[in-house]
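> Below: one structure in structure tokens.
No lab work stands behind these numbers, since they all come straight from the coordinates. Computed from a predicted model, the values in this text were never measured in an experiment. Every residue, glycine as well, gets a Cβ built from its backbone with ideal geometry; the counts of neighbours run over all protein chains shown.
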Amino acid sequence: MTPRALRRRALLITGLLAALIALPLLTRQGFAAYERQQLRSAQVQGCRALLTGQTPWRLAGDSLTELDDLSASTNARRSGAAINVADQLRRSAVNVPPGVVRVYALPLQRRDRWSFPGAPAVLAADMTLSGEADHSGPGEFPLWVDVPWRGGAFVSLSAAGLCGKGRLRFSLLLLSDSVGALSIEGDSPGVVRQVLQIRR
């Protein structure tokens, strides 16, 4: 074999080895980019769901049940995130001041179970509320709002996230001293009005 042919063979072998080394790295980077894009898309959908009323507001116990269901249906990494959110919710529920009802929202986007990496996740945690009523602060998750326990109480807040901004309105109708109906709606297109029955 001539020296030229040996050089070609050496270059070919070197190229094949470089491709074999680079392929897993490029594949991993491709999956990571795909996962980032999927996560952002799901966060935007979770944000829209909150602003249009598709994300329900609940009392602490019902929100904890939802988080328990999420933990049971996800892999260990995401289950740990759900448990952390549940701990934050429990701490928040203990610190509710008297004379108010505190409601919680978990802006979740349950992803297709066949999507990479194949599990639902707690998402849209970047959403923030602003307004005069007591509410969750920046970076807090789950979101919460305090509504005064009195007939005709009205709270209006701005909500912002990756999908933009919108307003949320909470109004309480007392049916008796211990039973109320909390109406929640937003001002985004396609909004769904929610009525939450509350017993104290």
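> Based on the mean of other Cβ atoms within 10 Å per residue, sort peptides 85-97, 138-150, 27-39, 176-188 so the most packed one is first.
138-150, 176-188, 85-97, 27-39
> Once you wrap a convex hull around the alpha carbon atoms of the stretch 145-196, what is its projected area averaged over all directions, in nm²?
3.8
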